[in-house]
Each structure stands twice: as C-alpha cells, then as structure tokens.
Amino acid sequence: MNHDNYDPDDRIAALATPWAESAIAVIRTSGEGSIGAVDALFSGDLLSCESKKMCYGMIRNPESGDALDEILAVPFRAPGSYTGQESVELYCHGSLPGIQKILTLLFNKGFRQASPGEFTFRAFINGKMDLTRAEAVQEIISSKSGKAQSMALNRLSGTVEKRINQFKKTATVMAASFAIQLDYPDDEVEAPEPPLAELADMKTGLKQLIDSYQVGKIYQEGVVIALAGRTNAGKSSLFNLFLKEDRSIVSDIHGTTRDYLESWISLSGIPVRLYDTAGLRHSDDPIEEEGIRRTRELMENAQVILYVLDGTVELSDEERALISDESRQELLVWNKADISSRDIPHGVIPVSAVTGQGFSELEEAVKKRIFKDSAGAAGDAVIDSLRQKELLERALSGVEKVEEAIHNGLPVDILAMDLYDVLQALGEITGEVSSSDIMDTMFSSFCVGK
Amino acid sequence: MDFDAIVIGAGHAGIEASLALARLDFSTLLITQSLDAIGRLSCNPAVGGLSKGNIVREVDALGGEMARLIDESMIQFRILNRSRGPAVQAPRAQADKNLYARLAKQTLELQKNLHLFQDTVVDILTDKSGTVCEGVVTERGRRFTSRTVVMTTGTFMEGKIFIGDFSQSSGRLGEPAAVGLGTALRNRGYTVGRLKTGTPARVRKSSLDFSKMEEQGGDATMQAFSFFKETSDRPHIPCHITYTNEKTHKVIRDNFHLSPLFSGEIVGTGPRYCPSIEDKVKRFPDRERHQIFVEPEGLDTEEMYLNGISSSLPELVQEEFLRTLPGLEDVEIMRPGYAVEYDYLDPTQLLPSLESKRHRGLFLAGQTNGTSGYEEAATQGLMAGINAARKLQGKDPLVLSRAEAYTGVLIDDLVTLGTQEPYRMFTSRAEYRLSLRHDDADIRLFPYCEETGLATERMKELFHAKKEGIDEIKELLRQKRVSGNWTEDSELLKPHVGKTAYMTLKDPAVTMDGLTEKIPELEQFSLDWRHHAELDVKYEGYVARQERQIARFQKMESLLIPEDFDYDSMDGISIESKEKLKMIQPRSVGQASRISGVRSSDIAVLTVLLNRPQGQKGSLNAEQTR
C-alpha cells in the first residue's frame, strides 16, 4: 500500500500521446503551480492566458537560453481540468528527441514523471469521476477503434455490473443458508439442502463472463493479421484493398527494416494490425536473412495469416500441400478471381484485390477466425479489464471450492469461508469493497498521461 | 475525588467492569438499585450458545468473571453444533439462576477496593466545560465524585413493561425502572432510542407432564468455560422439548388485537432473531409448529422457563395458548411473559474504547448500548472496565480487532454502525470465525490479560503450561510416523504408512483419539489439549488461507487516523461521508471503510491524505490555495 508516488501535491508531467513519431505530440502536466512553472520555460505569457485557450510561444531552457521547440500551450485552472487541478497541456512537434528534451527540461524544473494512471487517480480523488468510471476511462483512452470504445462505455452503463450483482445476490442467498447453520444450533434449525444447483448455475455464468474477456481483449488490444504468399500473388494489392475499405486508417508506416508494411485498420470495429510481409524469402543476403527471421517471428505472433494464392498461375507444391492440409492455420485467399479461369479448390476464398469482389466474404472469414469459439457476444455483457477477469476467476475458484467442500462433506464453517471469498471478489469488481490494494493495482495499469 | 471509578448497575456488564477496576487497584464504587438483584439472569436460565459461548471464554481469557460464575452454577452443559465444524461449535450451559446471582454478589462483596451501595443514579456530574464526566448524582440526592464512570444500566433506563393492556414503569417485572437518567442524558445531548425485548412465562414444574415431551440431556462431561479450571462437577438436569400446534396458533391469532406489539403501544424495535410467539405466528403463518424448550431455572426452584414462546399477550391468553402444548395441559403460570421497552444510547456516540465522545471519562457498556444478551453485556463491561482503568493509568485503550475476538466484532459493529434492534452476536457476523474458536480464546487473548495486569500468577502458569503442552503434542505428531503394524486393526491408517502422524491427522477420517491409541505418549496430555492440537492441525490449511484475508484486513486497520484529524479540510468527498466520518471519528481507515454510506472513493481520498508527509494536512484542491 504505497501511495507515495501518487502524492497529489506533486507536480507531474507525462506524454499523453503515444511514444512514437507523429506530427504533434501532447505533453500534459498537473499539480498546483503548473502554470507558473511552465510559464518560466515559455516565451509566451501563460499567466495571463485565459483558461482552456491556446497560447503560442517557444519552449526555452532558461539557463542556456536554447529554444527547444515552437509550441502551443493551454493552461487549465482548477477545478476546470481533467484532474481537477491546475494543469498545462503542451502541443509540441512529434519528434522523439524533441519530446524527450522538453520532458527532461520539465523534470529538471520541478515536475515529476507521472506514475501509470496518475492523472486519472487525481481526477478520481478530486471527485471528477467515480471508481467504475475511472476504470473504464482507461479503456476509452487506449481503445483503438469505435467498437472498443462503445464497449468501454457500455461498462459505464453497467451491463457487467448488473450481471455481477446477480451473482452477488445468488451468493448472498447462499451465504444466508450457511449463516443459519452457523448461527443456530443443529437441534433448533435443520440444515437446508446444499445449494448445488445454484452453485452450478453460478459457475456457468461466471465462466461465460470470464470467457467474454477474450472478446473484450480482442476489441481492446486488437489482433495481428499477416499477409503471406509468393511474390506477385497480390499481397500488396490485398493490403491496399484492406486499407481502402477501412476509412479510419490510423497510420501507415514502413517497417524499420522494410521487411514488411504494417498498418492499423479497423475490421468491423476490431482494431487490426495488418502486415504485408513483402520480401519474404528473397535471397541469401545476411540482411535479408535477418528480415526473414523477423517475418517468421511476425507470422508466429499473428492471430490470422492470410495466405494469398495467385489464381492465374500454376500452384507450387508447397501451395498444393497447404490446400490439402486440413489442419492448416492459414486462411487461403484465391486472388485475381476476376481473371482466373482455374477451378477454385475447396476451402479457399476467392477474392479480387482489383475489383473488390469477394472481399466481404473474406472479412467474415477473418472475423470468424478471430473469435474462433468465443461468441461475438454483441449486446451481451463483456468484460475487458484484466482486473475484472482475475476477480471473476477468484470468485469462480471460490464457487468451485464450495462445491468441492460440499462433495467432500466438509463442515459448514469451511463452506462459508469459501463463499465469503466469492462475495469479496464480486464486491471488488463493482467497487463496493474497496481496499488500497485495488487502488494500487488498478491505477498502476493505467496508461501514463491520461 | 471520592473514588477512582464509579460503576452504575450490577448486571453482567457492571459486574465485569467493577471487578476489573477493583482488581487493578482502583477504588471503585458500584451503585445498584437493588443489592438483592445483582447478576440476575433476567431472561433465559442459560449462559453461552453459538458465538456467545465463545464470548464467555474470551471474557475469561481477558481476566473476567462470567466463566467462573457459570462453571460454579451450571446444571447442564452441551457443546452445540458438533455436526457443523469446530469454528461454529460453542459451549452452552443451563444455569441455576439463583445460585448464579448469589455467587456474583458474593464475588463482588469479597473483592478488595470494591464498595457496593444501593441507590439510583439520576444524572452524571461534569466539569465546568461540560465535557468531562466527574461523578454521579443519585435519586436520594447523593453526589459521588470520581475520575471515571462506567454506566451499565441495562433495560432499566426508563424501562416500561407490557402485558396485554397492562403497562408499568419497570426494569424487570416487579422491579422499578431507573427513571430520570435517560432524560438527563437526552438533555445532555445524547441520542437516546427505544428498544424492546421480551421474555416468556415462568411455569410451575409440578404442573407439567414431562412424559409428553422429548427429553434433552446435556453432554456427559461438563467442561468448564474457564480456561483455569478443568471440569465442572455439578448436577446434570435435563431440558425438555415440546411444540406448538394449530390450536396454539389459533388462540394467538384470535388475540392479535390484544397484543401491545400490534396495537402500537410499543414503539421500541424488537429483535428479529428472537421474536415473540405472536410475531412468529404472524410472520410465518405456514409453519405448522414451533419448537419450545422447557428449561429448569435452578435446583431449588419450581420455576421453569419456556424458551421460544415469549409473549406480551394478556395473562389469560398466555395461559390459554400454553395449555394447548403437549405436557402443558394443566400448566400453572407463576410469572407471566412480558415485553419490556427501554432507553438505549446510540453506541456510535462512543469511541472503540467504549468511552463517550461527549464526556471524557464516561464509559458505557451492556444493554445500554443497544445489545442483548448476558454475554454481550459482560464482555463490554469488561472492556469498559479495563479501558477506564487504562485511562486512569494514562495508557492507551485496549481495542480488540475483528480478526482476534468476537468482542472486537461486537464493539466495532456497535461504535461504527450503531444498531436499530437489540444487537445480538452471531457467528456469521465475524468474517474470520475460523480463527475465533472458543477453545483457543486464551491463545488469542491471554497475552492482553497479562498486559492489563488482570492475570494472576496461577492463570499465567496454567496458560503457559497449556501452550507448551499443545506445542509438545504437535512436535510429537511430527516425529511419529505411521508404521505398518499400526494398520493391522485400522484400515483408515493404511494409506498413510510412512507419513508423519501430523500429516495423517489432516485426513478428515483420522482422529486424535485414534492416533492416541497408537501413540501412548500422547496420553500424558489432557484430552482438552489433544483436541485443541487436533483442530489446529486439521484446520491449519484453512486457517492459513484465512490469515491471508486477515493480513489484507489488518493493513487497513493499521492505517490509524489521528484523533484531531480535520475532516472539514477533505475536498472531493461527499458531504454525507464527511458528516459520518466526523460523527463516528473512526480510529483507522479500516473502521472508516465500514461506516455505512461512506463511499470507497472517499476512503481512497482519506488514505492518500493520511499517507502524505507530516505538516501537509488539508486541501487536495489546488484552487483553495491559489
């Protein structure tokens, strides 16, 4: 229970945008005196700048007088800020060395690097948001697509809470049936029937909710899809087709060694990191070998591999083997289907990267592969935080222990203890049972700067 | 000052408080309305029961008297709930009421430093500031000054009894109420509420036909409640069980309109867990019968107690429905059942030491605090007495945690949550009950007894002998291994050959008694110790799990809140929470988190504020300091 590094009196600073090259990066600060402290490093006049208005100027090292960057700064006066405290946001150029220089300067001038989730922690303790909201904020912040965001919002509306409260109610009823045996002697009150049916129901329900975490995680963290296949099979065209279909392209950056192209796309709301592994198995050149190694690694980490076949040329032996391999992991794509005159083998998806023909079928197939057994769970309660999953697992393990204890004929004091664990775990999810531990765990999983 | 301490009331709380103070060498005056009514068991003639038996043993381990009194006056002993696991078992004894009271009075009379005086207290005395209690004023106009006062007035404060349409100002039937004190305390700003409880008729033994009832005997061995006594050698008297029936219920239903409970005469809240028979019939119309225990009130009395059928219906109605019970056809009522309504002080006005927040030096204990039960009263009386003594000694109060004693659960619940009905202890109120077994109350609490100074040399000797004995038993079990020839006449041990006896004992089917047959060295230890060690070993794994829960709990408990903490400077928390925190003045973040209506986010703010370096009290909000 160490809140020292969450001391809300410190001035804190952190990069609020991803640590990556970009056009603009945002550095956020919070804490009493933030405006004055930034003003001392800023050529503009922040002190007289209105709250929530942009102010132009240079960031300078006051000792050397060096200008570090040309920026826009926005002062927020308490309580009108995200954290409820005095804050400044700096909009600077998104070069990594430049960001680093500004942060270093801030850290030298009385700001401390914010701990994970510390901005939200401050918002929370200043009454800007409650516990369940605070947790969901992280999801909104880090969600990479619309669906993930709506899932996080859904939690705010309490679908999961409703479900968990049902479990809690069941568990409470059960606890009462144990309590009566704890509180009244056996010659006065007979033991009620052991609640085996309720336990079984609860187990099923808990498992469903735990499984929904996979779905939640997919929307939350996204999946990796890699395009593979022979040169000229049309990987790049397919890659571009995916990009073209998705209007919400986040970025399109070249892999550092140019082994592959990657891009974030949104596939019906699922954030997808799409890789075009152009350059696979080219030559014996050691640099290329390194490239091949990386590509392999990438393929291993991909949840879905789209193997692109050229529908207009003869299949290689390797490709033929792949088609006849029932247990293959790859999804096979029959590209150039619009101009192919060959018979399309069974289980292969015909697509034309040029006309877009077959693309929606391909999309469906990819989604099916992503979710495998876990249901899409649209509209149903879906958990998407690891903390919730772990607590539900604790509850489930408690329920299983109660069941086991009943089967082993253990006395009711043990059953009651296991059930208490279940109640505690469920209570911790809905925020009813708070302990400093939850706070520590939860806030340390928050992304820095939000 | 006339005395170091004054104790008001000589019921179960007053007995413990006055003895503790006098034994710690403080000159103590005990004022009671009647010297003939010390230590009365006003309701059922029994001490102990589930969780209550644990409390009696806690009182004993802490140096109190209750266990010794019941050990010398019991007429039946049973361990309850043998079928339901050791953590929920507890001892219960039928008491010879008159003997119990006589022994209690005798003990007080023989106690050095303790003065007994018959009078009725009508008000307290305070210093000029009005915040420090300095004594009491009595009905007859006497003023006694003292450095501390312990108030244990039970059901007597503005007590009023009801039987049908009859009502009278009384504390117990035939005994006048303590009139004036409740009003005086109201005038001094205390929140005073009304509670209600009830008691059944007492009937003449020779008018009953026991052949029509089930007999319920006690255990063959009368174990002592006290850790400092081995067994009780007392007469065994059985109880009997009979049942109500449709006829009984009809009589009761036909007379609902005559019950002061339903007519609105009684305003106080009664206990849901111990309803009157009219309540039971009304609330559970589908129940075909209710179990009634017929319990002897003593060896030298004809009076019998009808447990489970308390009533405030008119006397003749009581007689009518009682006569529908098998074995009670010719019953002769000696005292009717009645309801009693009384003043209690909202216990959230107390600190966890049981000292009043309003008047320093004034301690409150027992039924006055809204509890019910002899045991609950006794342990509060003991804690109030100990803490009054510690105040006199200039020491920090002794506050037991929820994880170490039912007493801790009881007092924490009272001062943190208050109570809206007579508060009775229940096993399920204790989160960590596996660690609160009745048989290890001394292991848990005797160190405090040594610390407070209530432990005698003999008690210390016995305690340490037991502790070492149990350790030796466990050591012996670790050394011995199950050998092949042990299994010749014991199938149970077959899977355990080669294992230590210690590990083998964890098998639910293996018992200490069984192992003792194979390890004769164990016989040198008392049966009691062996069973204690057995439970320790069998439950070790579960207790370890519980201890992890306790460790989490203790973390919050150990975050103490200074007494002068300025809640007004906390920003970002609800006004409701702020008011509640200011009212309860929790001792720790743990206690604060249990206050109803205080949100978890408010606790988070509190935690952060407490964790900040010294000299940085106050606002979290930057705006205020701008």
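Partner chain Cβ atoms within 10 Å, averaged over the residues of B:426-436 - can you pull that number for me?
What the average comes to for B:426-436 is 4.
Enter the Cα centre distance for the pair region A:411-431 and region B:522-574, rounded to the nearest angstrom.
Cα centroid of region A:411-431 versus Cα centroid of region B:522-574: 16 Å apart.
In debye to the nearest 20, how big a dipole does region B:321-436 give about its Cα centre with +1 on each Lys and Arg Cβ and -1 on each Asp and Glu Cβ?
Its charge dipole is roughly 560 debye.
Determine, from the Cβ-Cβ distance of B:Gln420 and A:Arg328 and an R0 of 56 Å, the FRET efficiency 1/(1 + (r/R0)^6), rounded to the nearest 0.05.
Computed FRET efficiency for B:Gln420 and A:Arg328: 0.25.
Could you work out how far apart the two model spin labels at B:Ser207 and A:Ala321 are, taking each label as a point 7 Å from the Cα in the direction of the beta carbon, and quote it in nm?
So the two model labels end up 10.2 nm from each other.
Got a sec? How would A:Val333, A:Val74 order by Cβ neighbour count within 10 Å, fewest to most?
A:Val74, A:Val333
At R0 = 41 Å, how high is the FRET efficiency between A:Asn108 and B:Ser569 if r is their beta carbon distance? Nearest 0.05 is fine.
Computed FRET efficiency for A:Asn108 and B:Ser569 comes out at 0.80.
Over region B:457-543, calculate the relative contact order: mean separation of alpha carbon pairs under 8 Å at least 6 apart, over the residue count, as a percent.
About 30 percent, as a whole number.
Per DSSP helix of 4 or more residues, -39500 (n - 2.57); summed, then divided by the residues of the protein assembly as shown. What does that give at 222 nm, rounded to the nearest 500?
-12000 deg cm²/dmol
Between B:Ile6 and residues 5 or more places away or on another chain, which pairs have amide H atoms under 5 Å apart, with H built 1.01 Å from N, and which residues are they?
Those qualifying (amide H under 5 Å, at least 5 residues apart or on another chain) are B:Leu29, B:Thr148, B:Val149, B:Val150.
Roughly how big is the protein assembly as shown's charge dipole about its Cα centre, with Cβ charges of +1 (Lys, Arg) and -1 (Asp, Glu), in debye to the nearest 20?
1940
Determine the alpha carbon to alpha carbon distance for each of B:Lys466/B:Lys555; B:Lys474/B:Lys499; B:Lys229/B:Lys480; A:Lys235/A:Lys367; B:Lys52/B:Lys97 and list only those over 21 Å.
B:Lys466/B:Lys555; B:Lys229/B:Lys480
Roughly how many nanometres apart are two label points built 7 Å out from the Cα toward the Cβ at B:Lys460 and A:Glu193?
5.9
From the backbone phi of region A:78-89, what are the Karplus-calculated ³J(HN,Hα) couplings (6.51 cos²θ - 1.76 cosθ + 1.60, θ = phi - 60°) in whole Hz, Gly and Pro given as x?
Listing the rounded values in order: 4, x, x, 9, 4, 8, x, 9, 4, 9, 9, 10 Hz.
Dividing the Cα radius of gyration by the Kirkwood radius, what Rg/Rh value follows for the protein assembly as shown?
A ratio of 1.08.
Straight-line reach from A:Lys169: which lysines have a Cα under 21 Å away, not including same-chain ones fewer than 8 places off?
A:Lys203, A:Lys207, A:Lys389, A:Lys401
Would you order A:Val351, B:Val150 from fewest to most other beta-carbon atoms within 10 Å of each residue's own beta-carbon?
Lowest count first: A:Val351, B:Val150.
Taking only complete DSSP H runs, can you tell me which helices of chain B stretch 15 Å or more along their own long axis by Cα positions and average at least -1.0 on the Kyte-Doolittle scale?
B:12-23, B:97-110, B:374-393, B:406-417, B:441-452, B:600-611
Report the semi-axes of the equivalent ellipsoid for chain B in whole Å, largest first, where each axis is √(5λ) for an eigenvalue λ of the Cα gyration tensor.
One finds semi-axes of 38, 36, 25 Å for chain B.
Would you mind pulling out the separation of the Cα centroids of region B:29-91 and region A:292-310, in Å?
First find each Cα centre; the distance between them is then 76 Å.
Can you list the residues, at least 5 places off or on another chain, whose amide H is less than 5 Å from the amide H of B:Ala95, using H built in the peptide plane?
B:Ala46, B:Val47, B:Ile75
Note down the relative contact order for chain B as a percent, whole number, built from C-alpha pairs under 8 angstrom at least six residues apart.
Relative contact order comes out at 16 percent.
What are the ³J(HN,Hα) couplings of region B:496-502, residue after residue, when phi is run through the Karplus curve with 6.51, -1.76, 1.60 and θ = phi - 60°? Round to Hz, x for glycine and proline.
Residue by residue, region B:496-502 yields 9, 4, x, 7, 6, 4, 4 Hz.
With a 10 Å Cβ neighbour count serving as the proxy for reagent exposure, in which order, fewest first, do B:Asp286, B:Asp507 appear?
B:Asp286, B:Asp507
Among B:Ser311, B:Pro176, B:Met556, pick out the residue whose Cα is farthest towards the positive end of the charge dipole of chain B, where Lys and Arg carry +1 and Asp and Glu carry -1 on C-beta, about the Cα centre.
Sorting the options by dipole projection puts first B:Met556.
Bear in mind these aren't lab numbers, they're just calculated from the coordinates by the rules spelled out. Predicted model, so just to flag it, every value in this text is computed and none were measured. Note that we place each Cβ from the backbone using ideal geometry, even for glycine, and neighbour counts take in every protein chain shown.
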